[in-house]
Amino acid sequence: MEQNSYEVKVSQDRQQYWFVSSGKNGDITKVVTMQTMKRAGRFNLALADEINGKLDYKSKTDNGDLDYVFATISEIVIYFTKFFPASEIFITGNTPVKTRLYQMKVSNNLEWINNEFEVFGMTDESGNGDFTPFKMGINYKGILVTRK
């Protein structure tokens, strides 16, 4: 993406990533965890706020830096898939609003994303359902990206 991103710290196993969101509500530590799923090689991308040492997956930060956060998450996916090129990254929100937001961000950057990744949409919520090539204008329950 042609967007500035935050500096990221990476766990030794490359499955957890930390960065600090800086905005109107102050500095908030964000954590991205690549959680293994039932299907081998598939990871759920989970985004949380770290609050008092605990991960909160349901918080709504509204820090005014959404483009920076999404650019940072994109950089994390690129980094992770360079080390695990056969991996599939499943992305969905914990609310329909967040899922729709993720889908809009993918749609807005689809041309750039398609340079390095294949993108698929899913119409059920399990993360294990059928995926079809991502098309703008369709309301998906989840998104799956794989490296080309």
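The values are calculated or read from the model by the stated rules, or taken from the named source; none is laboratory data. All of these numbers come straight from a predicted model, not from anything done at the bench. Glycine gets a Cβ as well: all are built from the backbone with ideal geometry, and neighbour counts include every protein chain shown. Accessible surface is based on the protein model in full, side chains and every heavy atom, while ligands, DNA and RNA are left aside. Shrake-Rupley method; radii C 1.70, N 1.55, O 1.52, S 1.80 Å.
Key figures
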item	result
Per DSSP, loop GluC sites (Glu not before Pro) in the range 1-58 with at most 14 further Cβ within 10 Å	Glu2, Glu7
Distance histogram for the chain (every C-alpha pair counted, 5 angstrom bins, percent rounded to whole numbers)	2, 9, 20, 24, 23, 15, 7, 1, 0
Net length gained if the chain between Asp56 and Phe83 were fully extended (0.36 nm per residue, minus Cα distance)	7.0 nm
When each of Lys38/Lys82; Lys9/Lys58; Lys24/Lys98; Lys24/Lys141; Lys30/Lys135 is checked by Cα-Cα distance, pairs over 24 Å	Lys24/Lys141; Lys30/Lys135
In Å², nearest 10: area of Glu75 left accessible to a 1.4 Å probe	80 Å²
Share of alpha-carbon pairs per 10 Å distance bin for the range 24-111, given as whole %	14, 48, 33, 5, 0
Solvent-accessible area of Leu45 with every protein chain in place, 1.4 Å probe, in Å² to the nearest 10	10 Å²
Qualifying trypsin sites (Lys or Arg not before Pro) in the range 47-138, DSSP loop, other Cβ atoms within 10 Å at most 13	Lys58, Lys60, Lys135
Net charge, Thr72 excluded, C-beta distance under 9 Å - Lys, Arg +1, Asp, Glu -1	-1
Alpha-carbon radius of gyration plus Dmax, which is the widest Cα pair, for the range 1-74 in Å	12.7, 40
Net charge over other residues, Cβ less than 12 angstrom from the Cβ of Met34 (K, R count +1; D, E count -1)	0
Table column - 3J(HN,Hα) (Hz), the range 86-93, Karplus curve with 6.51, -1.76, 1.60, x for Gly and Pro	8, 6, 10, 10, 9, 10, 8, x
Contour excess over end-to-end distance, with Cα ends at Glu111 and Met37 and 0.36 nm allotted per residue	23.9 nm
